[in-house]
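In what follows, a single structure is set out as structure tokens and then discussed.
The values are calculated or read from the model by the stated rules, or taken from the named source; none is laboratory data. Note that the coordinates shown come from a computational prediction; the quantities given were computed from them, not determined experimentally. Counting neighbours? That spans all protein chains shown, and the Cβs are built from the backbone with ideal geometry, glycine included.
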Amino acid sequence: MLHALADPCQAAAELAWAYHEDGLLVVEHGHVAAFGAYAEIAPTLAPDTPIADLSGKLITPGFVDAHIHYPQTDVIAAWGSQLLDWLNTHTFPAEQAFADRAHADEAAAFFCEELLRNGTTSALVFGTVHKTSVEALFEAALARNMRLIAGKVLMDRNAPAGLTDTVETGRAESEALIRAWRGRGRLGYAVTPRFAVTSSEAQLAMAGDLAAAHPDILIHTHMSENLDEIARVGELFPDCRDYLDVYQRYGLVTPRSVFAHCVHTTDDALGRLRQAGAAAAFCPSSNLLLGSGLFSLKQACACGVSVGLGTDVGGGASFSLLHMMGEAYKVGQLRGEVLDPMHAFYLATLAGARALKLDDRIGNLEPGKEADFLVLDLSATPLLARRTAGARTIAEKMFVLSILGDDRCIERTYLAGVLAHRRDGGLRPATA
Ligand code: GUN
Ligand code: ZN
């Protein structure tokens, strides 16, 4: 059993995680009651306590995806373009289909199942501009008891007519969604202006007002992903000192803000993010596929910024946070910044929970947390079996998993102590 305990940027390596080769996780009423060495915990249990023997497997917390778009499942692996062209050619047409509730329902169910198949138990999710897209996703997540945060996209300019709202409809629909869904099951809301290119100043100001009026919701948007995008923001907001300043002017940079990408960001902007307590979502698969650039985790760490890990599906090409850990490592290699495997594991779990301000409930398996956890199979393929058999330490095993592993390694996914996905099990069982 393995979980992260602290940010390796700030804590001594030996305090950053805990591993028990022979461990015991005790779950009661959907929460973790104990996590530790089998030899210590087993004698404290009542004699009739049922114990599942998972010898040879690895138990970890569920993964947390700090940035993903559920309506973009069908544009994964689109060939040949960079961000602004990719949005116009692939993404906006796919998002138009979410005006249709039946389409949104089907896509939302597929999306939630794909998250669980990949061991992702929580995510911060973009819908489309259509209110109904978020209703479909919330219904699907509620039915599965997933801890998920989502929002309706705000977008009132520089987008196709069928994909825009207005300041007033954006406000009214966001407020209706907040009223109807916030706090139901394990759901949360994020006010979601797409990015500075597609919202007017009035709409950004409205988004800031919404966030101020509802202090428990998040703010979720994109920032400084691509050089052409950054130049466009400079043209649209000539009086702002940089991209972050646009969001700062409208009250959108708070401890509850998550900015996807932040690839091309100065120390000055990162320092302002840290001061505000806002988080960045590092999306390495997307940044490589869209040719956006190489995020510097080292720079973000040095500036003290909270960083989570995002798939950014469909810019990113996999739902797997294991795969993202490997992609983050490759980005680090291209920058000459080697990423420790336990740091990558922290990014995929506790760091995401911190970015989403959910670390009092999820992110690791400390007693009292919600029992969202995984059973990982380190021998899921012949090659993985061969390679992990030769790995001496848990760090080495995690590195091998991040490079060779994916959804095939997720043997089981539990949500609040209840089995929600079993790799070999076919239909989902009702209980553990
Ligand atoms: N910036 C604005 N919208 C998007 C999007 O849908 N995906 C990515 N990767 N970046 C964006
Ligand atoms: Zn995105």
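Annotations for the structure displayed:
- Qualifying residue in region 23-39 (condition: closer than 26 Å to Leu288 by Cα, outside any strand (DSSP E or B) and not basic (Lys, Arg)): no
- Of all the residues in region 218-269, those that are free of Cβ contacts under 8 Å to residues at least 60 places away in the same chain, among the hydrophobic types (A, V, I, L, M, F, W, C) and either more than 16 Å from ligand 1 (Cβ to nearest atom) or not in a loop (DSSP other than H, G, I, E, B) (or both) number 12.
- Taken over region 80-124, the criterion of being more than 16 Å from ligand 2 (Cβ to nearest atom) and at pLDDT below 95 is satisfied by Gly80 alone.
- Considering residues of region 382-400 that are within 16 Å of Glu21 (Cβ to Cβ) and in contact (Cβ under 8 Å) with a residue 60 or more places away in the chain only, the residue surrounded by the fewest Cβ atoms within 10 Å (Cβ to Cβ): Ile394
- Remark: pairs (first residue in region 38-53, in contact (Cβ under 8 Å) with a residue 12 or more places away in the chain; second residue of a type in the set (D, E, K, R); Cβ separation under 8 Å; 6+ apart in sequence or on different chains) = Tyr38/Asp22; Ala39/Asp22.
- Within region 324-344, the set of residues being closer than 15 Å to Val400 by Cβ and under 13 Å from the mean Cα position of the chain (by Cα) comprises Met325 only.
- Residue that is nearest to Leu374 (Cα to Cα), among those in region 291-317 that are surrounded by fewer than 22 Cβ atoms within 10 Å (Cβ to Cβ) and within 16 Å of ligand 1 (Cβ to nearest atom): Ala317
- Qualifying residue in region 320-337 (condition: among the hydroxyl-bearing types (Ser, Thr, Tyr), out of contact with any strand residue (DSSP E or B) (no Cβ under 9 Å at 6 or more places or on another chain) and away from ligand 1 (no atom under 16 Å from the Cβ)): yes
- Residue in region 38-56 that is away from ligand 2 (no atom under 14 Å from the Cβ) and surrounded by 20 or more Cβ atoms within 10 Å (Cβ to Cβ) present: no
- From the options Ala159, Ala207, residue that is small (Gly, Ala, Ser), within 16 Å of ligand 1 (Cβ to nearest atom), buried (at least 23 other Cβ atoms within 10 Å of the Cβ) and modelled with pLDDT of 95 or more: Ala207
- All positions within region 58-73 that are of a type in the set (Ser, Thr, Tyr) and either within 16 Å of ligand 2 (Cβ to nearest atom) or under 22 Å from Pro193 (Cβ atoms) (or both): Tyr70, Thr73
- Residue count for region 173-190, restricted to those that are surrounded by fewer than 13 Cβ atoms within 10 Å (Cβ to Cβ) and either in a helix (DSSP H, G or I) or touching a Gly at 6+ places or on another chain (Cβ under 7 Å) (or both): 1.
- Here Lys369, Lys298 are screened, and the one residue that is among the basic types (Lys, Arg), in contact with a Gly (Cβ under 9 Å, 6 or more places away or on another chain) and touching a residue at least 60 places away in the same chain (Cβ under 8 Å) is Lys369.
- Residue satisfying condition, being within 14 Å of ligand 1 (Cβ to nearest atom), in contact with a strand residue (DSSP E or B) (Cβ under 9 Å, 6 or more places away or on another chain) and over 26 Å from Ala416 (Cβ atoms), within set Thr164, Thr198, Thr192: Thr198
- Number of the condition not met by Ile178 [criteria: (1) away from ligand 2 (no atom under 16 Å from the Cβ); (2) under 23 Å from Cys262 (Cβ atoms)]: (2)
- Test: residue in region 191-203 that is more than 21 Å from the chain's Cα centre (by Cα), more than 15 Å from ligand 2 (Cβ to nearest atom) and of a type in the set (A, V, I, L, M, F, W, C): yes
- Qualifying residue in region 179-199 (condition: farther than 30 Å from Ile362 by Cα and of a type in the set (Gly, Ala, Ser)): yes
- Residue match in region 19-35 (condition: under 19 Å from Tyr346 (Cα atoms) and among the charged types (D, E, K, R)): yes
- Residue ranges of helices (runs of 4 or more DSSP H) in region 270-365 with at least 1 members of a type in the set (D, E, K, R): 297-302, 321-335, 350-355
Conditions tested, residue by residue: (1) closer than 30 Å to Ala380 by Cβ; (2) in contact (Cβ under 8 Å) with a residue 40 or more places away in the chain; (3) of a type in the set (Val, Ile, Thr); (4) assigned to a helix (DSSP H, G or I).
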| residue | (1), (2), (3), (4) |
| --- | --- |
| Val64 | yes, yes, yes, no |
| Gln72 | yes, yes, no, yes |
| Glu95 | no, yes, no, yes |
| Leu116 | yes, yes, no, yes |
| Ala123 | yes, yes, no, no |
| Ser133 | no, yes, no, yes |
